[in-house]
Amino acid sequence: MSIDQLIQIVALGAIPVLFAITLHEAAHGYVARHFGDNTAHQQGRISLNPIRHVDPLGTILVPILMLWSTSGGFMFGWAKPVPVNFGALHNPKRDMLWVALAGPATNLAMALFWALLIRLGVSFPDNYFAEPLVGMAQIGIEINLMLMILNLLPLPPLDGGRVAISLLPYRLAVMLAKIEPYGMVILIVLAVTSVLGAILSPLFNVSVRILSLITGI
């Protein structure tokens, strides 16, 4: 991938990526507050301001390097996680499920939104803004579906790991929770060794097909 192509992708993808991470993290905070935990609210993290959620390494540098090294084929990154005190929830084990699912559910909603924008863009092919809108929307779909699938992997501290801890019997939940301090290291190792891409790619392709069937794009 040339530098010019990378710049073009970054320019089109900046808004979808910022929305994807900002709304994902804010959703966790909103739902946690609903179920009794005010930690994120007290720290000012229930916000639509992307600056509050951006991690310079995980949100900017790593995704750009991944795009460049894979010629635009794969992007991986993260934002600052919204702090949640699960012990402050009304029913910690049960409510953890809804707090965890809030982020991926928001990404799914945004993927649907971007798909509808593609339909809008192709409806006006002669419009000056149609082509960049469609390009931006395509990136919006890809980043949101990828974030949704990645975060649903059953590995703490990912959202899927929280969901698994919430649903598993107590003994198994405790065993899985002990993996959390090493979760990000495991994830990075899987990404570097291409194992993560091999896991995510088929799930991503299936998700794109389902979204296309639903929205008609």
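Using the alpha-carbon atoms, what tilt in degrees (0 to 90, nearest 10) does helix 183-192 show relative to the longest principal axis of the chain?
30
For the chain, which semi-axes, largest first and in whole Å, follow from the square roots of 5 times the eigenvalues of its Cα gyration tensor?
After scaling each eigenvalue by five and taking roots: 30, 20, 17 Å.
Just the number, please: Stokes-Einstein D of segment 128-217 in µm²/s, Kirkwood Rh from C-alpha pairs, 25 °C, 0.890 mPa s.
164
Please report the net charge: other residues with Cβ closer than 12 Å to the Cβ of L147, K and R +1, D and E -1. Don't skip to the end; give the middle numbers.
Numbers: positive: none; negative: E25, E142, D159.
It works out to a net charge of -3.
Could you derive backbone 3J(HN,Hα) for segment 98-107 from the dihedral phi with the Karplus parameters 6.51, -1.76 and 1.60 (θ = phi - 60°), listing whole Hz in sequence and x where the residue is Gly or Pro?
6, 5, 5, 6, 4, x, x, 5, 5, 5
Determine the sum of side-chain charges near L211: Lys and Arg each +1, Asp and Glu each -1, restricted to other residues whose C-beta is under 15 angstrom from that of L211. List each step's numbers first, then the result.
On the way: positive: R119, R209; negative: E142.
Neighbourhood net charge equals +1.
Read-outs throughout are calculated quantities, based only on the coordinates presented, and are distinct from any laboratory measurement. A quick note: this is a predicted structure, and the numbers were derived from the prediction, not measured. Note that we place each Cβ from the backbone using ideal geometry, even for glycine, and neighbour counts take in every protein chain shown.
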